[in-house]
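Student: Before we start, here is the structure in question, set down as structure tokens.
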Amino acid sequence: MANGISLPAFSLDDAQGKARSFPGKRPALLCFVKEDCPTCGLSMPLIESAHRAFGRAVDVLAIGQDRAGNDALVKRHGLTAAMLDDSALKVSFNYDIEIVPTIILADADGRELRRFIGFGRSDWRELWEELERIAKVRPPAIDWSSYPESRPGCGSKSVEPGIADRLIAESEGNPLRARRIEIADQDDVFEFMFDQGLTDGLPVVPPTPERVIRMLRGTRRDAQEIVGTCAPNYAPVTIEKIAINAVMAGCKPEYLPVVIAATEVICTPEYNIHGITATTYGATPILVVNGPIRHKIGMNMGINVFGQGNRPNATIGRAVKLIVRNVGGGRPGEVERAAFGSTSKFTCCFPEFEEKSPWEPLHVERGFNANESVVTCFGLEGGPRQIADQTSRTARSVVGSIGLGVEASWHPNAHNFGDILLVISPEHVDTIWHDRWSKEDIRRRIQEITARPLRDLLPNEDYAGIGALPDQANQRQRSEAELNKKIPKFQSTKNIHIVVAGGPAGKWSAMFGGWASGIYGSVPTSRKIEEMP
Amino acid sequence: MTQILDPTDERVPVRRTLAGRPGKITGTVALLDINKARGNVMIDQLKRRLNERLPDVQVKAYRKLTPAKPASDEVRRQIMEESDFVIEALAD
């Protein structure tokens, strides 16, 4: 291969500590090798022979990838050709070396004339002939028959996991722009991050440049793309900042598309993360994931679905909350003012158990295709609160129980209410689907069983609930018809969002109770997740 | 030495100075009701007390659409155009 491209210039020390620069004034043979590669070992005698045969006209430079290994190669092969120290791997990285040995012939101006990887007898023979032409010498013949026809090379150290990420992070063209904070060796990095107020109260994974580079592999999007502005500080949120906080939360790169999609939602005015963060009621982002990505990243939709023990469930929601804290500036005691809060404020993300559901999954109900991955963000009270019914044998009965349970959302007498997220367990699904009830049947039944005459909802001397003192609430004369009019719990059946999740045993369902909804609070919002292939 | 990337927005807060104190309250004072349940009870009481103490000053109450969101641009503009002073009268 001869493409004539200008190769990157470099300067490396040889074994005697003398700096050798490329390009020099002569053609050069650059030989990238590492000690523990058998194919490099096979090539070393030819590299040395090339130096002895053509060294008067061509700089033959072995470029070794670790210092101790370089010394071993020199000793083992009696190398008199220069062995340059690329243990920092910067030159290997700049040359995009993926396999060693990589042999590159360059002219005196540093333009590439020929390149091959691994060991190929014919490659070496052709190279030899070209070196003879360049050097205008006819050296002793090589016994080519003593060499194998071909041998594959080994992976370059510069592309080993971890090392490659560090090299990208340190390279001039790296995509990172966030401020770099240096923490002295005598300081504990975990304690430092607590001290700086960067955590949610649990330890976070230090977002080193190489970890963030690795996280960014989870998306094709540009690291500096701004996905939105995050309240309460209305700060721009870049993909890079999302990746940094995702590292801190403990995410793997394959979770990043979910975190990005959820962050896009929380930056919308409709979702209103400002109010969700600031309310004294303790609302928080509740994330529901639908579609194939649930399986791809290994989310738990079964036993202990809202509990601990599953990495994507735990860390995706945590990443979103860290973004609100660190980028948006929503911190408890400052703009975040919840009287109680809940453990859901650390994280709350779960997938719908679509395979256990006889109904359309949430994202399909909301207009997406079944094979698309989607995250839907609710701004609701943490929890969830469970609703037990171990005895009902019909759909009407078990949904009736669920209806009575969800009536407690906010306050039992707070009717004409906004959104609720109802999570029906597989056992309850079985009972409901035995009677072939649809989701709409469930919603209608909840509205039916919770519908109460206005007179029962008005506060009295024994209880309140709709935000007015009894004398104020009752001061207007109402007709008997008005007082007898039945008002269901929710403004509309559309406010009752239903998903299926949970373990196979347990006759309980669950609800995430409402907070202010619609234009007065938060609108549940979905976003397609841009999956990597 | 460990190097980490800053997870915050890295912005330096804008330093704002307090508006000059005129020494005397004249014109119109705006009270912003955030629209919490029964908030109007307190706002009305506050308005009455201010009227008692400052009979020459007009006190006007404004209301946000919802306590769950910042005041709309429209309400802010209205307060700015119609008032000389503003008291965010109720939070929680």
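The values are calculated or read from the model by the stated rules, or taken from the named source; none is laboratory data. Bear in mind the structure is a predicted one, so any value in this text is a computation, not a measurement. Cβ placement follows ideal geometry from the backbone for every residue including glycine, while neighbour counts extend to all protein chains displayed.
Student: Where in the range A:133-245 are there strands (runs of 3 or more DSSP E), lying fully within it, with 3 or more residues that are touching a helix residue (DSSP H, G or I) at 6+ places or on another chain (Cβ under 7 Å) and without any contact (Cβ under 8 Å) to a residue 12 or more places away in the chain?
Tutor: On the way: elements: A:180-183, A:226-230, A:235-238.
In the range A:133-245, no matching strands (runs of 3 or more DSSP E) lie anywhere.
For every residue, the table says whether it meets (1) within 15 Å of the chain's Cα centre (by Cα); (2) at pLDDT 95 or above; (3) away from every other protein chain (no Cβ under 11 Å).
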| position | (1), (2), (3) |
| --- | --- |
| A:T263 | yes, yes, yes |
| A:T284 | no, yes, yes |
| A:L287 | yes, yes, yes |
| A:M301 | no, yes, yes |
| A:N326 | no, yes, no |
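Student: Ok, one more. Of the residues B:T26, B:T66, which single one is out of contact with any strand residue (DSSP E or B) (no Cβ under 6 Å at 6 or more places or on another chain), under 30 Å from A:W410 (Cα atoms) and not charged (D, E, K, R)?
Tutor: Working: B:T26 fails: under 30 Å from A:W410 (Cα atoms).
Result of the check over B:T26, B:T66: B:T66.
Matching residues to (1) surrounded by fewer than 19 Cβ atoms within 10 Å (Cβ to Cβ); (2) hydroxyl-bearing (S, T, Y); (3) in contact with an Asp or Glu (Cβ under 6 Å, 6 or more places away or on another chain):
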| site | (1), (2), (3) |
| --- | --- |
| A:V305 | no, no, no |
| A:C348 | no, no, no |
| A:E352 | no, no, no |
| A:S373 | no, yes, yes |
| A:L380 | no, no, no |
| A:A395 | no, no, yes |
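Student: Can you tell which of A:A28, A:A82, A:A2, A:A57 is at pLDDT below 95 and within 24 Å of A:K136 (Cα to Cα)? It would help to see each step written out before you state the result.
Tutor: Numbers: A:A28 fails: at pLDDT below 95; A:A82 fails: at pLDDT below 95; A:A57 fails: at pLDDT below 95.
On inspection, the qualifying residue turns out to be A:A2.
Student: If A:I99 satisfies every condition in (1) under 39 Å from the mean Cα position of the chain (by Cα); (2) without any contact (Cβ under 8 Å) to a residue 12 or more places away in the chain but one, which is the exception?
Tutor: So the condition that A:I99 fails would be (2).
Student: Assuming B:R38 fulfils every condition listed in (1) of a type in the set (K, R); (2) within 14 Å of chain A (Cβ to nearest Cβ); (3) within 16 Å of the chain's Cα centre (by Cα) apart from one, which condition is it?
Tutor: Single failed check for B:R38: (3).
Student: Would you confirm, using the coordinates I've provided, whether A:F22 is crowded, with 21+ Cβ neighbours inside 10 Å and touching a residue at least 24 places away in the same chain (Cβ under 8 Å)?
Tutor: Details: crowded, with 21+ Cβ neighbours inside 10 Å: no; touching a residue at least 24 places away in the same chain (Cβ under 8 Å): yes.
So A:F22 fails the test.
Student: Return a yes/no flag: does the range A:97-109 have any residue that is in a helix (DSSP H, G or I), among the charged types (D, E, K, R) and surrounded by fewer than 18 Cβ atoms within 10 Å (Cβ to Cβ). Talk me through it step by step, then tell me what you get.
Tutor: Narrowing the range A:97-109 to residues in a helix (DSSP H, G or I): none.
Within the range A:97-109, none of the residues are in a helix (DSSP H, G or I), among the charged types (D, E, K, R) and surrounded by fewer than 18 Cβ atoms within 10 Å (Cβ to Cβ).
Student: Taking the residues in the range A:335-367 that are among the polar types (S, T, N, Q) and in a loop (DSSP other than H, G, I, E, B) as candidates, determine which candidate is nearest to A:R385 (Cα to Cα). Steps first, answer last, please.
Tutor: Applying the first criterion (among the polar types (S, T, N, Q)) to the range A:335-367 yields A:342-344, A:347, A:357.
If we keep only those that are in a loop (DSSP other than H, G, I, E, B) too, we end up with A:342, A:347, A:357.
Details: A:S342: 12, A:T347: 16, A:S357: 21 Å.
Top of the filtered list is A:S342.
Student: When you check B:L5 against the structure, is it within 22 Å of A:T280 (Cβ to Cβ), surrounded by 15 or more Cβ atoms within 10 Å (Cβ to Cβ) and in contact with a helix residue (DSSP H, G or I) (Cβ under 9 Å, 6 or more places away or on another chain), yes or no?
Tutor: Numbers: within 22 Å of A:T280 (Cβ to Cβ): no; surrounded by 15 or more Cβ atoms within 10 Å (Cβ to Cβ): yes; in contact with a helix residue (DSSP H, G or I) (Cβ under 9 Å, 6 or more places away or on another chain): yes.
Criteria not met by B:L5.
Student: Which residue pairs have Cβ atoms closer than 7 Å, lie 6 or more positions apart in sequence or on different chains, and pair a first residue in the range B:64-86 that is away from chain A (no Cβ under 14 Å) with a second residue that is among the polar types (S, T, N, Q)?
Tutor: B:E82/B:T28; B:S83/B:T28; B:D84/B:T26; B:D84/B:T28
Student: Further question: Part of a loop (DSSP other than H, G, I, E, B) and of a type in the set (G, A, S): is that true of A:G298 in this structure?
Tutor: On the way: part of a loop (DSSP other than H, G, I, E, B): yes; of a type in the set (G, A, S): yes.
For A:G298, the condition - part of a loop (DSSP other than H, G, I, E, B) and of a type in the set (G, A, S) - is met.
Student: Any idea which of (1) farther than 27 Å from B:V41 by Cβ; (2) at pLDDT below 95 is the one A:E461 doesn't satisfy?
Tutor: In the conditions (1) farther than 27 Å from B:V41 by Cβ; (2) at pLDDT below 95, A:E461 misses (1) alone.
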